[in-house]
Amino acid sequence: MIDPIADMLTRIRNASRALLPTVQIPHSKLKESLAHLLKAEGYISEVAVESTGRKTLKLRLKYEGKKPVIEGLRRVSRPGLRNYVGADEMPRVRGGLGVAVLSTSEGVMTGQQARKKNIGGEVLCYVW
């Protein structure tokens, strides 16, 4: 697999469009911290790490009736073209209605959190 973060986002996008209650993803520390960030921002309802042979992340998706809470996911920085931003040039997603997820020297955080701490990093994805 070339880009595991893009694979995770695609699995979440496909599961939410198919109105599936849960989705399973191969585990890594970066994916787990990204999943916990999505839970803290209110996009998913539950994150669990299962270890039956290989570790997997089990995410419970959130819905408002028959409409998924996650309207869209977009991978920004990819293996062929990394995208780094400074603290003063944080992107705004959908006019502030979405979240930019960054990988910084202090861990994975949202663009707002990074702006408050005055640190930059690699823009992993946009979620709205």
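The values are calculated or read from the model by the stated rules, or taken from the named source; none is laboratory data. As the structure is a computational prediction, the values presented were derived from the model and not from experiment. Every residue, glycine as well, gets a Cβ built from its backbone with ideal geometry; the counts of neighbours run over all protein chains shown.
A few comments on the model shown:
- When residue 2 is tested against (1) under 18 Å from residue 72 (Cα atoms); (2) surrounded by fewer than 17 Cβ atoms within 10 Å (Cβ to Cβ), just one condition goes unmet, and that condition is (1).
- Of the residues in the stretch 53-63, not one is touching a residue at least 60 places away in the same chain (Cβ under 8 Å) and aromatic (Phe, Trp, Tyr).
- Among the residues listed as 15, 35, the single one being closer than 20 Å to residue 106 by Cβ, among the small types (Gly, Ala, Ser) and not assigned by TED's automatic domain parsing to the domain that holds residue 103: 35
- Pairs with Cβ under 7 Å, 6+ apart, first in the stretch 85-101 and over 20 Å from residue 9 (Cβ atoms), second exposed (fewer than 11 other Cβ atoms within 10 Å of the Cβ): 87/118
- Strands (runs of 3 or more DSSP E) contained in the stretch 10-65 and holding at least 2 residues surrounded by fewer than 12 Cβ atoms within 10 Å (Cβ to Cβ): 44-52
- Of the residues making up the stretch 77-110, those that are part of a strand (DSSP E or B) and over 17 Å from the mean Cα position of the chain (by Cα) number 2.
- Pick from the stretch 36-75, criterion polar (S, T, N, Q) and farther than 15 Å from residue 23 by Cβ, ranking: modelled with the highest pLDDT: 51
- Enumeration of residues in the stretch 66-76 that are within 15 Å of the chain's Cα centre (by Cα) and part of a loop (DSSP other than H, G, I, E, B): 69, 70, 71, 72, 76
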